[in-house]
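Structure first, then comments.
The values are calculated or read from the model by the stated rules, or taken from the named source; none is laboratory data. None of the values given here were measured: they were computed from a predicted structure. A quick note on method: Cβ atoms are made from the backbone with ideal geometry, for glycine too, and the neighbour counts reach across all protein chains shown. Each accessible area value is taken on the protein alone, full model and side chains, heavy atoms only, with ligands, DNA and RNA left out. Shrake-Rupley method; radii C 1.70, N 1.55, O 1.52, S 1.80 Å.
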Amino acid sequence: MKETPLSNCERRFLLRAIEEKKRLDGRQTYDYRNIKISFGTDYGCCIVELGKTRVLGQVSCELVSPKLNRATEGILFFNLELSQMAAPAFEPGRQSDLLVKLNRLLERCLRNSKCIDTESLCVVAGEKVWQIRVDLHLLNHDGNIIDAASIAAIVALCHFRRPDVSVQGDEVTLYTLEERDPVPLSIHHMPICVSFAFFQQGTYLLVDPSEREERVMDGLLVIAMNKHREICTIQSSGGIMLLKDQVLRCSKIAGVKVVEITELIQKALENDQKVRKEGGKFGFAESMANQRITAFKMEKAPIDTSDVEEKAEEIISEAEPPSEVVSKPVLWTPGTAQIGEGIENSWGHLEDSEKEDEDEGGIDEAVILDGIKMDAGVDVSHIGSQDAPIVLSDSEEEEMIILEPDKNPKKIRTQTISATQVKAPSKKPVKKRKKKRAAN
């Protein structure tokens, strides 16, 4: 499923807001979104929230054979997954260009910067080393995936504890968590990625772009740096030309942001370690804030009921007297009644629509009669003198108009004159009548 494209109105609105140094979420130009770090029950499991972007980090380890060219070094493996749960634009089972780019950037940031002492992961040189695997899952996508993923990866590595091992001769003994305390990884520094989005060919700059800001940006600059202001890696994408002054300004901003994020990570790790030592509750369930619905909860307040009767009498005396009530039913029209006060009953009156229907019906009847007179040339009054009701109709399905004379009701003959008969009247019966009259 492709992502929903931005409309021209949204694009112009975002660019206009950026030109005025305003952002949709109310942040300033160099502000980061709120960062929240929570840990799971196991070591090496954490969730990092950068605004609404959420990344789950999980670290695992196993004993494997080392690489031939590096017999005394452990192995680091990083894997980032973009699931459809994070955004419908991500397709399962297919590595997109974005995913490949993010994985390579993470490896350069964390593995090539030598932030972890890989030689401390060696158990038996050339035979057994620890392989550390870092799995990152994007739970929700709201922009700036690489910053959230880098923070989640370094936090999970700092929080992880591997099982302790002992080597006696050729035997390697692996101890469980109950037998010996797990051993933390040896981490030299914590590299963190900081993203900068450029607009209008590098004229405007934003830190920590959101998902909509990423759609309208012209270029992206990612700087990985530690708190010692050592640049680990730099990557520019988007095809824009950046000046030396722009890169230096971004590096200074990144140095300030990395120090703030590093302090936040250290505080979160210290708090989790303190809770685990004290035997308190920890884990994702405990780190979530309890949100309760208090809409139907009312605060209790003391009520003085000593002078309730006096206040009731005062209210009754000050109130207006009730209006007169009709005890007998009012008959507005036959078949209806009304008791008490209320709106006049309109059941006995015709509505406007019914009156219009009656008027239209009368007009249609008159039009039919006039049309028959004009087309057929038949004198209705003359025919009516023959002591017989005349039924005039255009078709069998329409309404029929019956004209009944008052004289001689016994001698009634029904004559149906259709539209075809009226248009072509027969002449023979008229001649016979004339002969009979002449004979009489």
Among residues of the stretch 49-80, those that are under 24 Å from Gly126 (Cα atoms) and free of Cβ contacts under 8 Å to residues at least 60 places away in the same chain, counted: 11
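Just one of Gly26, Gly40, Gly57 is at pLDDT below 90 and closer than 26 Å to Thr176 by Cβ; which is it?
On the way: Gly26 fails: closer than 26 Å to Thr176 by Cβ; Gly57 fails: at pLDDT below 90.
Result of the check over Gly26, Gly40, Gly57: Gly40.
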Residues satisfying the stated conditions in the stretch 233-248, i.e. over 28 Å from Ala87 (Cβ atoms) and either in contact with a helix residue (DSSP H, G or I) (Cβ under 8 Å, 6 or more places away or on another chain) or in contact (Cβ under 8 Å) with a residue 24 or more places away in the chain (or both): Met241, Leu242, Leu243, Gln246, Val247
Residues satisfying the stated conditions in the stretch 263-317, i.e. at pLDDT below 75, part of a helix (DSSP H, G or I) and of a type in the set (S, T, N, Q): Ser287
Test result for Tyr204, modelled with pLDDT of 85 or more and surrounded by fewer than 16 Cβ atoms within 10 Å (Cβ to Cβ): no
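When residues of the stretch 207-232 are filtered for being closer than 19 Å to Ala156 by Cβ, open to solvent by less than 10 Å² (accessible area, probe 1.4 Å) and not aliphatic (A, V, I, L, M), how many remain?
Within the stretch 207-232, the first condition is being closer than 19 Å to Ala156 by Cβ, and the residues that meet it are 224, 226-227, 232.
So of that shortlist, the ones also open to solvent by less than 10 Å² (accessible area, probe 1.4 Å) come out as 224, 226.
Adding the requirement that they be not aliphatic (A, V, I, L, M) leaves 226.
Here the count works out to 1.
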Test result for Val256, in a helix (DSSP H, G or I) and either buried (at least 21 other Cβ atoms within 10 Å of the Cβ) or out of contact with any helix residue (DSSP H, G or I) (no Cβ under 8 Å at 6 or more places or on another chain) (or both): yes
Some residue of the stretch 37-45 being within 22 Å of Ala197 (Cβ to Cβ) and either touching an Asp or Glu at 6+ places or on another chain (Cβ under 6 Å) or touching a residue at least 60 places away in the same chain (Cβ under 8 Å) (or both): no
Looking only at the stretch 87-115, and only at residues there that are in contact (Cβ under 8 Å) with a residue 60 or more places away in the chain and open to solvent by less than 10 Å² (accessible area, probe 1.4 Å), the one that is farthest from Arg54 (Cα to Cα): Cys115
Residue within the stretch 128-138 that is under 29 Å from the mean Cα position of the chain (by Cα) and surrounded by fewer than 23 Cβ atoms within 10 Å (Cβ to Cβ) present: yes
Scope the stretch 83-138; condition part of a loop (DSSP other than H, G, I, E, B) and aliphatic (A, V, I, L, M); matching residues: Met85, Ala86, Ala87, Ala89, Ala125
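Go through the residues of the stretch 186-201 one by one and say whether even a single one is in a loop (DSSP other than H, G, I, E, B), open to solvent by 10 Å² or more (accessible area, probe 1.4 Å) and free of Cβ contacts under 8 Å to residues at least 60 places away in the same chain.
Quick first cut of the stretch 186-201, residues in a loop (DSSP other than H, G, I, E, B) only: 186, 188-191, 200-201.
Of the ones still in play, those that are also open to solvent by 10 Å² or more (accessible area, probe 1.4 Å) are 186, 188-190, 200-201.
Those still in the list that are free of Cβ contacts under 8 Å to residues at least 60 places away in the same chain too: 201.
Scanning the stretch 186-201, I find at least one residue that is in a loop (DSSP other than H, G, I, E, B), open to solvent by 10 Å² or more (accessible area, probe 1.4 Å) and free of Cβ contacts under 8 Å to residues at least 60 places away in the same chain, so the answer is yes.
Would you pick out the residues in the stretch 141-183 that are among the β-branched types (Val, Ile, Thr) and under 30 Å from Ser237 (Cβ atoms)?
Of the stretch 141-183, the ones among the β-branched types (Val, Ile, Thr) are 145-146, 151, 154-155, 165, 167, 172-173, 176, 183.
Hits for the stretch 141-183 are Ile145, Ile146, Ile151, Ile154, Val155.
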